[in-house]
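One structure is given here, and the rest of the page talks about it.
The values are calculated or read from the model by the stated rules, or taken from the named source; none is laboratory data. For clarity, every value in this text was computed on a predicted model and none was experimentally measured. Cβ coordinates were reconstructed from backbone atoms using ideal geometry, including for glycine residues, and neighbour counts include every protein chain displayed.
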Amino acid sequence: MNSVWKWGKRIISFIGLAFILLMAVFVITMKASNGEPSIFGYQLKSVLSGSMEPVFETGSIISIKLREEGASFDKGDIITFYDRDKVVVTHRITEVKKARDQLVYTTQGDSNDGADKDPVLAKQIIGEYTGFTVPYAGYALNFASSKTGSAALLFIPGAFLFLYAVVTFTQAVRSFKKEHAAPTTGE
C-alpha cells in the first residue's frame with residue numbers, strides 16, 4: 001500500500017509540474033506574440049458576443065486556421081477578420097464579389113438581423129473557423145490575457161513549486177534525522 005501511495009504522489013507531482021510548465025509556456029508565448037499565439041498555423045480566439053449563436057456561444061473558445069497567402073473563401077464559410085476599427089470579428093460569409101482584382105466578402109453574424117455594414121477585404125481576414133469550440137473557456141483565456149491573469153498564471157504556479165520544495169525538503173530532513181538519530185538505550 002505504501003508503494004501505491006508513493007507512485008500516486010509521483011504521478012500527481014508530475015501532472016502538477018507539467019501543468020505549471022504548460023501555463024508558463026502559454027503565458028510567455030502569449031506575451032511574446034502580443035496576445036496572439038499560434039500553434040501549427042492555428043489560433044484560439046475568445047468569443048465576446050452572441051452574434052454567432054447557436055454555432056458558438058459567448059464565452060467560448062474557437063479555433064481558427066490562419067489565412068494563407070492567396071487563400072479565398074466561399075459563401076457560408078465562417079471567417080475571423082479585423083473590421084475597420086481593428087476589432088476582431090468572426091462572422092459567416094453571405095456573399096462573395098470581385099472588385100478591382102480582389103475578392104470582397106459580405107459577412108453577417110448568424111443571429112444578427114442584417115449584414116455587416118462594411119465589406120471585408122482579403123487582407124483583413126485572419127483565418128477561418130475550424131469547427132472546434134470549447135464552451136465557456138473563453139472567459140479563462142480572456143483572464144489569462146489580462147495583466148492580472150498573466151501575473152497570476154506565473155505567480156501561483158511559482159508559489160506552488162516553492163511550497164512543494166519546502167514540503168519535500170522538510171520530509172527529507174525528517175527522514176535524515178530518523179535514519180541518523182542516536183539509538184536510545186533503555187535502563
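Annotations for the structure displayed:
- Of the residues making up region 154-173, not a single one is hydroxyl-bearing (S, T, Y), farther than 30 Å from V25 by Cβ, exposed (fewer than 15 other Cβ atoms within 10 Å of the Cβ) and modelled with pLDDT of 85 or more.
Yes or no, residue by residue, for (1) in a loop (DSSP other than H, G, I, E, B); (2) in the same structural domain as L17 (by TED's automatic domain parsing):
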| position | (1), (2) |
| --- | --- |
| G76 | yes, no |
| Y105 | no, no |
| L153 | no, yes |
| I156 | no, yes |
| L161 | no, yes |
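- Subset tally (residues that are of a type in the set (G, A, S) and under 11 Å from the mean Cα position of the chain (by Cα)) for region 37-52: 2
- For region 39-52, the set of residues classified as surrounded by 15 or more Cβ atoms within 10 Å (Cβ to Cβ), at pLDDT below 85 and among the small types (G, A, S) consists of S46, G50, listed by residue number.
- Enumeration of residues in region 58-74 that are under 15 Å from the mean Cα position of the chain (by Cα) and within 17 Å of T107 (Cα to Cα): I64
- Conditions (1) more than 20 Å from the chain's Cα centre (by Cα); (2) modelled with pLDDT of 80 or more; (3) more than 30 Å from A151 (Cα to Cα); number of the one not met by V55: (1)
- Being part of a loop (DSSP other than H, G, I, E, B), farther than 30 Å from S72 by Cβ and either of a type in the set (D, E) or not assigned by TED's automatic domain parsing to the domain that holds I61 (or both) is a property that holds for A181.
- When I64, I39 are checked against the criterion of being touching a residue at least 24 places away in the same chain (Cβ under 8 Å) and under 19 Å from V134 (Cα atoms), a single residue qualifies: I64.
- Members of region 53-65 found to be surrounded by fewer than 18 Cβ atoms within 10 Å (Cβ to Cβ) and in a loop (DSSP other than H, G, I, E, B), listed by number: E53, P54, E57, T58
- If you filter region 128-153 down to residues that are of a type in the set (F, W, Y) and in contact with a strand residue (DSSP E or B) (Cβ under 7 Å, 6 or more places away or on another chain), you find that the one that is modelled with the lowest pLDDT is F132.
- Any chance R100 is modelled with pLDDT under 90 and either over 24 Å from the mean Cα position of the chain (by Cα) or in the same structural domain as S60 (by TED's automatic domain parsing) (or both): yes
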